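Quick notes on the structure that follows.
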Amino acid sequence: MKTALVTGAGGFLGSHLVDRLLADGYEVWGLDNFSTGSPRNLTFARTQRRFHLLRRDLASPGPLPRTGVIYHLASPASPPRYQADPVGTLRVNSAGTFSVLQQAMRGGARVVLASTSEVYGDPEVHPQPETYWGHVNPIGPRSCYDEGKRFAEALSVAFAKAEGVDVRIARIFNTYGPRMALDDGRVVSNFIVQGLRGEPLTVQGRGDQSRSFCYVSDLVEGLRRMADAPEGRLPGPVNLGNPRGERTVTELARLIARLTGGRSEIRHIVRATDDPERRRPDIRRARSWLGWEPRIPLPRGLTLTIPEFRERLGGTG
Ligand code: UDP
């Protein structure tokens, strides 16, 4: 049987990946300490015989199951959450990644590392190709995440070179969809919650900074293709994100205000330190190496997301 270990299985992205692997016929071990993820995200998975929950901290995980593939997603990922636990964030991305790679070395597993567009920092080139080395502040408030992921990438290529581990590095750009934590502080979840409550949407600074937003099912498809690609097919990291989903924060606020009922105004608040100015993936590698392309445009993805948020908010709004 096809077998997979997913670290960070209780997170937004991890739980959607788990559901997809189960649908694809995998036996799945999902590891999480639920520091930022939620058991509720695994409600469906836990009804399945082929799913096994490992409630553990990946930094000291004990014996791990031997599987054909490991998707390594464990890490706090929203700026307020990783900044609330900078040491834990560095620890899971260093010691946690070490555990994953050692396990892959022992068991012959293929690894898909969930890296991030944050490795590019506040980028000086736009859009960002994988060949760009980035512009990262190593001691700023975002450094625990940025440098944690950069270290995870470095460790992965070291294990690939020294130990022959087959690691594929996915650099994931902003992704959204159902199951994002209501209070994780990201722009999409904040705006949807505020819009549904009829509260002002909190735009940081002038709101002319941009992000590119990818719907979760597209992202999961990209991760699956990365894992399934034949050995040697991916000679470097691959950006996964939706270049057509680029919007300024103000544009996003207007769109979400409209889709959530149009009762909210925009309120400008202080801009976070080191907040990247713009971000859009160059996805030529994903297109040519994986035949992958995001399918869900931003307005459609938001329409698929908002009802699930409304349900969790208990019908308010
Ligand atoms: N942002 C905002 N209001 C919010 C949350 C975020 O204006 O309530 C902005 C933030 O300044 C950043 C962008 O939205 O420019 C994306 O932030 P997010 O935390 O979603 O993710 P990031 O891409 O920065 O990791």
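The values are calculated or read from the model by the stated rules, or taken from the named source; none is laboratory data. Just so we're clear, the structure is a prediction, and the values are computed from it rather than from any experiment. Note that each Cβ is placed from the backbone with ideal geometry, even for glycine, and that neighbours are counted across all protein chains shown. To get the accessible areas, we keep the full protein, side chains included, count just its heavy atoms, and leave off ligands, DNA and RNA. Shrake-Rupley method; radii C 1.70, N 1.55, O 1.52, S 1.80 Å.
Okay, here's what the table says:
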quantity: Set S75, S94: member being in a helix (DSSP H, G or I) and polar (S, T, N, Q); calculated: S94
quantity: Residues being open to solvent by 50 Å² or more (accessible area, probe 1.4 Å) and either within 16 Å of the ligand (Cβ to nearest atom) or in contact with a Cys (Cβ under 6 Å, 6 or more places away or on another chain) (or both) - total across the stretch 269-292; calculated: 8
quantity: Within the stretch 170-195, tally of residues that are crowded, with 23+ Cβ neighbours inside 10 Å, of a type in the set (A, V, I, L, M, F, W, C) and within 16 Å of the chain's Cα centre (by Cα); calculated: 5
quantity: Of all residues making up the stretch 303-317, the number that are surrounded by fewer than 12 Cβ atoms within 10 Å (Cβ to Cβ) and assigned to a helix (DSSP H, G or I); calculated: 2
quantity: Residue within the stretch 148-158 that is within 16 Å of the ligand (Cβ to nearest atom), part of a helix (DSSP H, G or I), under 20 Å from P80 (Cα atoms) and not basic (K, R) present; calculated: yes
quantity: Test result for E130, within 16 Å of the ligand (Cβ to nearest atom) and either touching a residue at least 24 places away in the same chain (Cβ under 8 Å) or in a helix (DSSP H, G or I) (or both); calculated: no
quantity: Sole residue being among the charged types (D, E, K, R), within 11 Å of the ligand (Cβ to nearest atom) and farther than 30 Å from V157 by Cα, chosen from R206, R197, R179, R211; calculated: R206
quantity: Matching residues, the stretch 42-65, being open to solvent by 20 Å² or more (accessible area, probe 1.4 Å) and either in contact (Cβ under 8 Å) with a residue 60 or more places away in the chain or assigned to a helix (DSSP H, G or I) (or both); calculated: R46, T47, P65
quantity: First in the stretch 195-206 and under 9 Å from R263 (Cα atoms) and in contact (Cβ under 8 Å) with a residue 60 or more places away in the chain, second anywhere and open to solvent by less than 40 Å² (accessible area, probe 1.4 Å) and assigned to a strand (DSSP E or B), Cβ under 9 Å, 6 or more apart; calculated: G195/L201
quantity: Only one of R247, R300, R295 that is farther than 30 Å from A154 by Cα, within 19 Å of the chain's Cα centre (by Cα) and loosely packed, with under 14 Cβ neighbours inside 10 Å; calculated: R295
quantity: The stretch 286-302 - residue that is in a loop (DSSP other than H, G, I, E, B) and among the charged types (D, E, K, R) and, of those, farthest from V238 (Cα to Cα); calculated: R295
quantity: Answer from T3, T36 - the residue that is under 17 Å from the mean Cα position of the chain (by Cα) and either within 18 Å of D183 (Cβ to Cβ) or open to solvent by less than 40 Å² (accessible area, probe 1.4 Å) (or both); calculated: T36
quantity: Odd one out for G140, checked against (1) on the phi < 0 side of the Ramachandran plot; (2) within 12 Å of the ligand (Cβ to nearest atom); calculated: (2)
